[in-house]
1. Please specify each residue of the stretch B:64-84 satisfying the condition of being assigned to a helix (DSSP H, G or I) and either modelled with pLDDT under 95 or surrounded by 17 or more Cβ atoms within 10 Å (Cβ to Cβ) (or both).
2. Out of curiosity, is B:GLY190 surrounded by fewer than 24 Cβ atoms within 10 Å (Cβ to Cβ) and not polar (S, T, N, Q)?
3. Which of (1) within 16 Å of the chain's Cα centre (by Cα); (2) away from chain B (no Cβ under 14 Å) is the odd one out, the single condition A:ILE197 does not satisfy?
4. Looking at the stretch B:166-188, can you tell me whether even one residue there is facing another protein chain (nearest Cβ under 7 Å) and farther than 27 Å from B:GLU44 by Cβ?
5. State yes or no: is B:VAL202 over 26 Å from B:GLU27 (Cα atoms), within 13 Å of chain A (Cβ to nearest Cβ), over 16 Å from the mean Cα position of the chain (by Cα) and part of a helix (DSSP H, G or I)?
6. Of all the helices (runs of 4 or more DSSP H) wholly in the stretch A:1-93, which have at least 3 residues that are in contact with a helix residue (DSSP H, G or I) (Cβ under 6 Å, 6 or more places away or on another chain)?
7. Only one of (1) surrounded by fewer than 16 Cβ atoms within 10 Å (Cβ to Cβ); (2) within 14 Å of chain B (Cβ to nearest Cβ); (3) touching a residue at least 40 places away in the same chain (Cβ under 8 Å) is not met by A:GLY264, so which one is it?
8. Please determine, by comparing only the residues of the stretch A:112-171 that are assigned to a helix (DSSP H, G or I) and among the small types (Gly, Ala, Ser), which one is nearest to A:SER45 (Cα to Cα).
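The values are calculated or read from the model by the stated rules, or taken from the named source; none is laboratory data. All values reported here derive from a predicted model rather than from experimental measurement. With ideal geometry, Cβ positions are generated from the backbone for all residues, glycine too; neighbour counts draw on all protein chains shown.
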Amino acid sequence: MPRRELIDVNVNLSRWPMRRVPCDDTRELAAKLRRQGVTQVWAGSFDGLLHKDVASVNARLTEECRKHGRGLLLPFGSINPMLPDWEEELRRCAEAHRMPGLRLHPNYHGYKLDDPALGRLFKFAAERGLIVQLAAIMEDERMMHPRLRVPPVDTRPLARLLKETPSLRLVLLNALGVLRGPVLSELLDAGETYVEISMLEGVAGIEKLLQHVPLERVLFGSHAPLFYCEAARLKLKESVLTQEQLSQIRAGNAARLLASAQSGA
Amino acid sequence: MEIWDLHCHLSGLPGRTPDERLGKLIEYADRMGIARLCVYMGMEWAYDPSPEKLREDNDAVLRAIGRYPDRAFGFAYLNPKHTQASLDELNRCVRDGPMVGVKLWVAMRCNAPELDPLIARATELKAVIFQHTWLKITGNLPGESTPFDLVELAKRHPNATLICGHSGGDWERGLRAIRPHKNIFADLAGGDPTAGVTEMAVRELGANRVIYGSDVAGRSFASQLAKVYGANIPDSSRRLILGENLKRLLRPILGQKGIRV
């Protein structure tokens, strides 16, 4: 019998800056995710939030994935387009580290989505077939450290940008707590945009989400290890879903996205 | 292990009536293996409810739990700004009715003396008292309590059973604030499933002062259960948090009402 695939598109390695969290050691985290039945992980690095030497962040991320992943962990490199010569970092992610995608944190890196640098980044990423993951928030704004208050990303300029880069594949991370209704629909309509379920809340949240968001745009994400990774799996259980819906959210959609990005289709 | 959910609401659910909504909630609770739900506040909430609105909200809960007496308990929603009306609701819903607890939200900070007669009466009736708390760096609502406010109340009422809603939201500070006060229990409900919250609560308070709740329907059962299932704690602690602690706190009032659990 084929194993049941489960692709977690929202995981970070290394240390959360504000506290030690359980499983913030790559070996432990990989073991825990495997126990949860996860078969592939798209991993960024918490170091990418605040470190300025992003080249070493991405090199460490790649090495950690190689050393501890045994095929489980796919590195998604951090790019900060406010840093000098960020284009070289993007090139290294694609060519040296052979990453399938990038992860962006505009609110931690201090730029708005109408910054021309982001438009260039999207264009370069699309040309190289790199998936772009953009994190809307990392933690609840109400309980942030008083010296590190980071508001959610203002996504209003994003729809225009997506229309200008139609071949971009964009995954919005941690977005479903702050993006809903027409604003979310506009982003989904504007391009090949995906969302993941780590910050989706409410009883039967996935059932309700699928009333407004096409099934093929919904991915499984846990935001581990900052969140207990069990939460996302339990959401699959709480909602009444068809086998087809479950299968696509668990892995089908993410696998297809990855394959299409890698083939340049 | 039997799971009891301390913290459930009827808002944000499909259904025209309170009992239809509770029925829907129970369908999802069944999927997640949850045996009992504590329900409070009405179909639509008010920060500062009038006496009429309190009665309406409590009537909604009475109607809902009346349909599912083996699955749900009710807590009476009170407003300390309306002392006599709140005392009347306590007597109507708890002394003379099936409710087993009190819910206090954001009408008035809970360190105010106006709460004293309500807490005293609830304690006489053996009702547990759930006080919403949050510590927001973005700023609390004018009447929104913090765990520090609850500590002041607990000192004045050492025999009351007080539950610190949401563990103060900012749980790393909230749990520390309530730590020395043995009559305050921590509610795990309502925040993101941030890893480490349950481990810290067990480490600092002891597992017998930590209670699972979800804050559905605004939150999911899933994300909140994950705080307990995902925590690196002994199974004996998990059992206490998921049900045994709440049973222990409710046993006196349930016994008084002739309800065996």
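1. Within the stretch B:64-84, the subset assigned to a helix (DSSP H, G or I) is B:64-67, B:83-84.
Once the filter is applied, which keeps residues that are assigned to a helix (DSSP H, G or I) and either modelled with pLDDT under 95 or surrounded by 17 or more Cβ atoms within 10 Å (Cβ to Cβ) (or both), the stretch B:64-84 yields B:ALA64, B:ILE65.
2. On the way: surrounded by fewer than 24 Cβ atoms within 10 Å (Cβ to Cβ): yes; not polar (S, T, N, Q): yes.
For B:GLY190, the condition - surrounded by fewer than 24 Cβ atoms within 10 Å (Cβ to Cβ) and not polar (S, T, N, Q) - is met.
3. If we test A:ILE197 against (1) within 16 Å of the chain's Cα centre (by Cα); (2) away from chain B (no Cβ under 14 Å), just (2) comes out false.
4. Within the stretch B:166-188, the first condition is being facing another protein chain (nearest Cβ under 7 Å), and the residues that meet it are B:169-170.
Of the ones still in play, those that are also farther than 27 Å from B:GLU44 by Cβ are B:170.
Within the stretch B:166-188 (the criterion being facing another protein chain (nearest Cβ under 7 Å) and farther than 27 Å from B:GLU44 by Cβ), the answer is yes, since at least one residue qualifies.
5. Numbers: over 26 Å from B:GLU27 (Cα atoms): yes; within 13 Å of chain A (Cβ to nearest Cβ): yes; over 16 Å from the mean Cα position of the chain (by Cα): yes; part of a helix (DSSP H, G or I): yes.
Judged against the criteria, B:VAL202 is a match.
6. Numbers: elements: A:26-35, A:47-50, A:54-69, A:86-91.
Output list reads A:26-35, A:47-50, A:54-69.
7. (2) is the only condition that A:GLY264 fails.
8. Just the residues of the stretch A:112-171 that are assigned to a helix (DSSP H, G or I), to begin with: A:116-127, A:141-143, A:158-164.
Filter once more, keeping what is among the small types (Gly, Ala, Ser): A:117, A:119, A:125-126, A:159.
Numbers: A:ALA117: 22, A:GLY119: 23, A:ALA125: 19, A:ALA126: 22, A:ALA159: 26 Å.
Selected residue: A:ALA125.
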